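Right, one structure below, let's go through it.
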Amino acid sequence: MPTSATSDVAGRYANALFELADNSHSLDQVAQDLTTFRNLVAESPELARLLASPVIGHEAQGKALLAVLDAAGIRGLTRNFIGTVVANRRARYLIAMASAFLAELASRRGETTASVTSAMPLSPQQLQQLSDTLRSVLGGAKVSIDARVEPEILGGLVVKVGSRLFDSSIRSKLQRLQLAMKGVA
């Protein structure tokens, strides 16, 4: 769970990026780049370790991260922003910054954000179907999806919208079955 200091740092940087992106009319491109970046980190334990490591120098960290961004096609404002964050020794906050930026964008657009966790990455078609389903469940509100991958849930989905949680993960079903079997024995 993010601490207040993490939230403050991430919020300040995310707000600065939001203003820059808004002024340069590139909110959608930055949002797309940040989503791509978050997916890269979620799918690569090595990249996540690179961001979190206090041992790796910020210069080496920056070079490695910029090479990953170039390979992923992340350029312009987002690339410069990530480079600046790394140079300021704040790489460990990048995912929180990306999440704060995307949450602010959704809020300003009147969207509801759903945090969706799956065991494997969802295809664009699956994300669209899920978005359509959530829109109908939430009374027609526009829904943006914050997709995360956590293999530990084994399968199914965990969807959190505001204070509502829908957990259809196999891990939770197995835990409920285990509890039920303890009650029988």
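With a Förster radius of 22 Å applied to the beta-carbon distance between Ile56 and Asn80, the computed FRET efficiency rounds to 0.60. Candidates Thr84, Ala114, Ile74 compared by Cα position along the dipole of segment 39-115: farthest toward the positive end lies Thr84, with charges placed on Cβ. Along its first, second and third principal axes, ordered by size, the chain spans 58, 41, 32 Å in Cα coordinates.
Please report the spacing between the Cα centers of segment 111-185 and segment 36-62 in Å, no decimals. Their Cα centres are 26 Å away from one another.
For the chain, the 222 nm mean residue ellipticity estimated from helices alone, with every DSSP H stretch of n ≥ 4 adding -39500 (n - 2.57) and the total spread over all residues, rounds to -20500 deg cm²/dmol. Computed from point charges on the beta carbon alone (+1 for Lys and Arg, -1 for Asp and Glu), the dipole magnitude for the chain about its Cα centre is near 460 Debye. Charge dipole (Cα centre; +1 on Lys/Arg Cβ, -1 on Asp/Glu Cβ; no other charges) of segment 4-105 amounts to roughly 340 debye.
Values quoted throughout were computed directly from the atomic coordinates according to the rules given, and no laboratory measurement underlies them. Just so we're clear, the structure is a prediction, and the values are computed from it rather than from any experiment. For neighbour counting, all protein chains shown are included, and Cβ atoms are generated from backbone atoms with ideal geometry for every residue, glycine included.
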